[in-house]
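Written out below as structure tokens is the structure these notes cover.
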Amino acid sequence: MLRRLSHYHRGTAAAARLSAAFRCVSTGSLTITEPLNFWAGQRKPGQKGHKEHVYEPATGRILCHLEPCGAAEVNQAVEAAKKAFINWSKLSGMERGRVMIEAAHLIEGKREEIAEMEVVNNGKSITEARLDVDSARLCIEYYAGLASTLAGQHVQLPGGSFAYTCREPLGVCAGIGAWNYPFQIAAWKSAPALACGNSMVFKPSPVTPVTAAMLAEIYAKAGAPEGLFNVVQGGQETGSLLCQHPDVAKVSFTGSVPTGRKVLKPVTLELGGKSPLLIFKDSDLENAVKGALMANFLSQGQVCSNGTRVFVQRDIFPEFVSEVVKRTQAIEIGDPLLESTRMGALVSRSHLHKVLGFVEQAKKEGATVLCGGEPFVPSHPKLRGGFYMTPCVLGDCRDEMTCVKEEIFGPVMSVLSFETEEEVLRRANDTTMGLAAGVFTRDVRRAHRVVEQLKAGSCFINNYNITPVEVPFGGFKTSGIGRENGQVTLEYYTQLKTVYVEMGDVENCTLD
Ligand SMILES: NC(=O)c1ccc[n+]([C@@H]2O[C@H](COP(=O)([O-])OP(=O)(O)OC[C@H]3O[C@@H](n4cnc5c(N)ncnc54)[C@H](O)[C@@H]3O)[C@@H](O)[C@H]2O)c1
Ligand SMILES: O=CCc1c[nH]cn1
């Protein structure tokens, strides 16, 4: 059965039929021609005469063209969001929640279509892309439920007077996304913002512009007022115009530490990391190995919270490393739209070269490549131009090496051995970043003792890289400001108003 994809052209109907029974697209067959900007309820062109290539990472071919937004277009999107805010912010939480629940239902119905678009534009495997779409839907459902729970405090004062506080929306919020979870990031930012009564202008990464526009259409179809969720496409210039716009009240940014530093305003910053994973000798080895793979190779290693510094206690180091290397070598790399694929393509050619450059640098600094770290060319001719590499495990690493210090943002794990708990904690915390950390041990007291001392915003005990939307996610130190997900995020999209209510007469101390 082939479902209709209104805005997308398949290469040939036959090509699509060749793919899995429920598959709408096959790798290398899709061209997108619809505009990718969206405001005031419609897809819109960007600046006249400006076009940038957008690639399909699995094949290296051009998937579509992006028309970046300049000042005029950013203004129009912000104006649309300002209009939408007027009525949306006056709705009750229940009313807002209803629209959001409808959006979540629509996402459920389009799960496969959205996941396929994510694969075609990002290169990650279809298996992971489906989970990203589920996370987006769950996040919207979660905040739809919380919308009606927004409340303040009642403070009793002498003489029957009282004060109360209430949470008020901020206005037009800007969302800026990275390319590693394009649809999910758009949902993680818009869901709490809209639940609190704000409107949003979202700018995805120019590398992965496709699915944010789909989310905009979904919100519109769910009954959101025109202009509630808008998408402006472009890179640094567009992002900067949006963040600097005088009518934007708050920016929530996901991206790298250097870019995050340039964004000023009340912000939520979700930035990069170089997170440690500590494996003690009393760990369940099977789970620890699986955890290390989860911590390094999901989304081709392009996950901000990855535990790329894997510290293993010396007694189990050889056994652990040999098992990790064996399992890493068994990871199925290839066409991300195939069910059997576990590792797809990296997001772009330049990023692939950057990641391979880190492997070369590691070798120069004395690390040993235990497996992977090479460009990979799949056997199917259509995938030969794609951006693939073999997942890499680096041994003989030292704490001062570039591969251990810097975020690589690709499938490269560094393994390091340690002797004592005290030593590994010192080394784990010896970084300017602090997004996540993990510990594997069977000793529950050790687990909590270690986690208490780890300087990281999200800590995992006996698992890694799971992100339920009900719990907050975000970093310490340079890895960020604020949190995404969980109840606390409502505070980042509202401001607290205090109202003093006098129930008696005014006692005027300026008169006698
Ligand atoms: N902490 C998290 O939750 C999280 C999640 C995903 C990715 N990341 C991080 O994101 C990085 C990878 O993503 P990337 O390469 O897209 O990051 P990036 O910083 O290059 O770009 C992120 C976004 O910022 C925009 N941008 C660039 N300059 C700007 C400016 N001056 N003003 C406003 N916006 C601007 C980009 O166009 C893009 O949309 C990694 O460091 C990764 O760890 C963090
Ligand atoms: O890449 C970092 C973790 C994440 C997943 N979705 C959004 N952020």
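The values are calculated or read from the model by the stated rules, or taken from the named source; none is laboratory data. Note that the coordinates shown come from a computational prediction; the quantities given were computed from them, not determined experimentally. FYI the Cβ positions are ideal-geometry reconstructions off the backbone, even for glycines, and counts take in every protein chain you see.
What the table below lists for this structure:
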read-out: Residues located in the stretch 325-350, provided they are aliphatic (A, V, I, L, M) and in a helix (DSSP H, G or I); value: 325
read-out: Exclusive hit being surrounded by fewer than 18 Cβ atoms within 10 Å (Cβ to Cβ) and of a type in the set (Ser, Thr, Tyr), set 414, 340; value: 340
read-out: Residue that is at pLDDT below 95 and over 15 Å from the mean Cα position of the chain (by Cα), where the choices are 225, 158; value: 158
read-out: Residue within the stretch 187-208 that is within 14 Å of ligand 2 (Cβ to nearest atom), among the charged types (D, E, K, R), part of a helix (DSSP H, G or I) and under 30 Å from residue 408 (Cβ atoms) present; value: yes
read-out: Among residues of the stretch 309-324, those that are in a helix (DSSP H, G or I) and crowded, with 19+ Cβ neighbours inside 10 Å, counted; value: 3
read-out: Among (1) within 21 Å of the chain's Cα centre (by Cα); (2) farther than 24 Å from residue 140 by Cβ; (3) away from ligand 1 (no atom under 16 Å from the Cβ); (4) of a type in the set (D, E, K, R), the one test that residue 477 misses; value: (3)
read-out: Residue, modelled with the lowest pLDDT, within the stretch 449-467, restricted to residues that are among the charged types (D, E, K, R) and part of a helix (DSSP H, G or I); value: 452
read-out: Index of the failed condition, residue 331 passing every other in (1) under 26 Å from residue 25 (Cα atoms); (2) out of contact with any strand residue (DSSP E or B) (no Cβ under 7 Å at 6 or more places or on another chain); (3) of a type outside the set (Ser, Thr, Tyr); (4) touching a residue at least 60 places away in the same chain (Cβ under 8 Å); value: (2)
read-out: Selected residue (criterion: surrounded by the most Cβ atoms within 10 Å (Cβ to Cβ)) from residues of the stretch 153-190 that are under 24 Å from residue 76 (Cβ atoms) and small (Gly, Ala, Ser); value: 174
read-out: Cβ-Cβ under 6 Å pairs, at least 6 apart or on other chains, the stretch 479-492 side closer than 24 Å to residue 429 by Cβ, far side away from ligand 2 (no atom under 15 Å from the Cβ) and not hydrophobic (A, V, I, L, M, F, W, C); value: 482/492
read-out: Unique residue being among the aliphatic types (A, V, I, L, M), out of contact with any Leu (no Cβ under 6 Å at 6 or more places or on another chain), within 14 Å of ligand 1 (Cβ to nearest atom) and touching a residue at least 12 places away in the same chain (Cβ under 8 Å) when the list is 210, 257; value: 210
read-out: Restricting the stretch 248-292 to residues that are of a type in the set (Val, Ile, Thr) and under 29 Å from residue 227 (Cα atoms), the residue that is farthest from ligand 2 (Cβ to nearest atom); value: 248
read-out: Candidate set from the stretch 246-303 (those that are assigned to a loop (DSSP other than H, G, I, E, B) and modelled with pLDDT under 90); member that is surrounded by the most Cβ atoms within 10 Å (Cβ to Cβ); value: 271
read-out: The one condition in (1) touching a Leu at 6+ places or on another chain (Cβ under 8 Å); (2) within 10 Å of ligand 1 (Cβ to nearest atom); (3) hydroxyl-bearing (Ser, Thr, Tyr) that residue 181 fails to fulfil; value: (1)
read-out: Residue match in the stretch 103-123 (condition: within 20 Å of the chain's Cα centre (by Cα) and on the phi > 0 side of the Ramachandran plot); value: yes
read-out: Checking residue 471 against (1) away from ligand 1 (no atom under 16 Å from the Cβ); (2) among the aliphatic types (A, V, I, L, M); (3) surrounded by fewer than 18 Cβ atoms within 10 Å (Cβ to Cβ), the condition it does not meet; value: (1)
